[in-house]
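Beneath this line is the structure, given in structure tokens, with notes to follow.
Bear in mind these aren't lab numbers, they're just calculated from the coordinates by the rules spelled out. All figures in this text were calculated on a predicted structure; none of them were measured in a lab. Every residue, glycine among them, receives a Cβ derived from its backbone with ideal geometry; neighbour counts consider all protein chains shown.
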Amino acid sequence: MKSGVLGNLGIDPFYIFILLFLIQVVLFALLISANMKYNRLKASYASFMKGKDGKNLEESIFERFNLLDEILETTKKNQNSIQDIYRKIENNYQKIGIVKYDAFHEMGGNLSFALTMLDENNNGWILNAMHSREGCYTYIKEIVKGESYIELAEEERESLEKAIYQETYDIKEINKK
């Protein structure tokens with residue numbers, strides 16, 4: 001007959017000893033892991049504090065803060081400079097469209113052209129140079145927000161569309177005509 005608390009519960013003391021042994025092994029593994037992490041932290045701390053006392057460390061930290069302030073100031077200056085450059089570039093001619101054509105169908109070559117130059121807001125002008133045997137005639141038309149107040153010729157409209165949609169000028173296309 002079994003006596004004692006374990007006997008009344010129907011538990012063999014051998015299983016309890018095995019369970020306690022396994023718990024002890026797990027705790028030992030956790031102790032080794034925590035000790036290894038502590039040693040790594042201790043080594044990192046030692047290398048960080050190497051050759052520095054409290055005053056030197058404080059000076060080092062303040063130097064870093066001053067450096068961060070300088071970097072922040074430089075960044076703000078750069079942002080202002082970039083915004084200023086963008087404002088200046090916005091009004092420069094950025095979009096170009098050109099169409100070469102034979103204006104009077106008598107020269108056998110594409111010596112006439114319509115050149116469109118626009119800024120970021122599609123404001124600018126179209127220069128149309130028509131070449132003939134007698135001479136060269138040039139016309140300029142103002143473009144405001146992608147529109148002309150003067151009626152455009154077919155080549156001028158094509159040049160304007162190329163500039164607005166930023167299509168590239170293809171020399172091979174001209175040679176096919």
| request: Give the relative contact order (percent, whole number) for the chain; include only Cα pairs under 8 Å separated by 6+ residues. | output: 15 percent
| If exposed GluC sites (Glu not before Pro) are those in a DSSP loop with at most 16 other Cβ within 10 Å, what is the longest stretch of the chain that has none? | 1-105
| message | How many angstrom lie between the Cα centre of the stretch 115-146 and the Cα centre of the stretch 61-94? | response | 38 Å
